[in-house]
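K.L.:
First, the structure itself, so that you have it in front of you.
The numbers here are math on the coordinates, done by the rules we state, and not lab data. All values derive from a computational prediction rather than experimental measurement. Glycine gets a Cβ as well: all are built from the backbone with ideal geometry, and neighbour counts include every protein chain shown.
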Amino acid sequence: MTNVAFYQLQQSHLEEALPKLLEYTLKASKRAVVQTCNSDRIASISSALWTQYSDSWLPHGMGKDEFTKDQPIWLTLDGENPNGATFIFLVDGVEAENLTNYERCFDLFDGNDAGSLAAARKRWKSLKEAGHELHYWQQNERGKWEEKGK
C-alpha cells in the first residue's frame, strides 16, 4: 500500500510549503505529480516553483507543455502522470483515483480552515480503512514539521 502523509499547514501557505517538499523530492531522485482542482491554483503553484528561491527554481511542466516525460514535477487537474512520478502531492482536498500507483502521497491542507480540517479527517479515515500506511504532520509555531500521529 501507499505511504500517505497528511501535512497540516498552520504557519505558512501552500505556495511556501510545497516548493520545499518538492525540493526534497527531487533531492531523493524522485519525480512528482501535484494535483489540484482549479487552474488558478496551478498558476500560483507554478509561479511559486519559479520564484520561491532567489538563486534557483524547481523544474516543472503542466498542461500542454512539451517533453512531459522529462519533467521532474508535473502540475495537473485530472491526475495524469505523464512523467512516471512515484510521489503525488494532493492539494485543495482533491483525492487521487488510485493511490496504489504511487510510492508516497502527500496530502496538504489548510489547518486553519475548519472545512479543510474536517475533510482531511474524512480522507484519513477512508485511507486508513483501505489499509494505507498513514502519517500526520503538523507545523509548529516556527513553521517546522512535527509528526503528530500514525
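K.L.:
For the residues TYR102, TYR24, TYR7, what sequence is obtained by ranking on other C-beta atoms within 10 Å, fewest first? Walk me through the intermediate numbers first.
P.N.:
On the way: TYR102 20, TYR24 11, TYR7 23.
The fewest-first ordering by Cβ neighbours comes to TYR24, TYR102, TYR7.
K.L.:
As an exercise, use a Förster radius of 30 Å and the Cβ-Cβ distance of HIS132 and LYS27 to find the FRET efficiency, rounded to the nearest 0.05.
P.N.:
With a Förster radius of 30 Å, E is 0.80.
K.L.:
To continue, here is another question. To check you understand DSSP bridge types, tell me what percent of the beta bridges within the stretch 38-138 (both residues inside) are antiparallel, rounded to 5.
P.N.:
The answer is about 10 percent antiparallel.
K.L.:
If you don't mind, there's one more thing I want to ask. Over 25 Å between C-alpha atoms is what I'm after, so list which of LYS20/LYS69; LYS30/LYS125; LYS27/LYS125; LYS27/LYS122; LYS69/LYS144; LYS30/LYS122 land there.
P.N.:
Numbers: LYS20/LYS69 22 Å; LYS30/LYS125 27 Å; LYS27/LYS125 31 Å; LYS27/LYS122 32 Å; LYS69/LYS144 33 Å; LYS30/LYS122 28 Å.
In this structure, LYS30/LYS125; LYS27/LYS125; LYS27/LYS122; LYS69/LYS144; LYS30/LYS122 lie more than 25 Å apart at Cα.
K.L.:
Here is a further query. To the nearest 500 deg cm²/dmol, what mean residue ellipticity at 222 nm is calculated for the chain from DSSP H runs of n ≥ 4 alone, each contributing -39,500 (n - 2.57), summed and divided by the residues?
P.N.:
Mean residue ellipticity at 222 nm (helix-derived): -9500 deg cm²/dmol.
K.L.:
Modelled label-to-label distance, ASP40 and ALA118, 7 Å Cα→beta-carbon offset: nm?
P.N.:
Spacing of the two 7 Å Cα→Cβ label points: 2.2 nm.
K.L.:
Also, I was wondering about something else. Just to be sure I understand the model, the point goes 7 Å from the Cα along the line to the Cβ. What's the resulting GLU141 to LYS20 distance in nm?
P.N.:
Taking the two extended label points, one gets 1.7 nm.
K.L.:
Separate question: Once Rh for the chain is found with the Kirkwood sum over Cα pairs, what is the Stokes-Einstein diffusion coefficient at 37 °C and 0.692 mPa s, in µm²/s?
P.N.:
212 µm²/s
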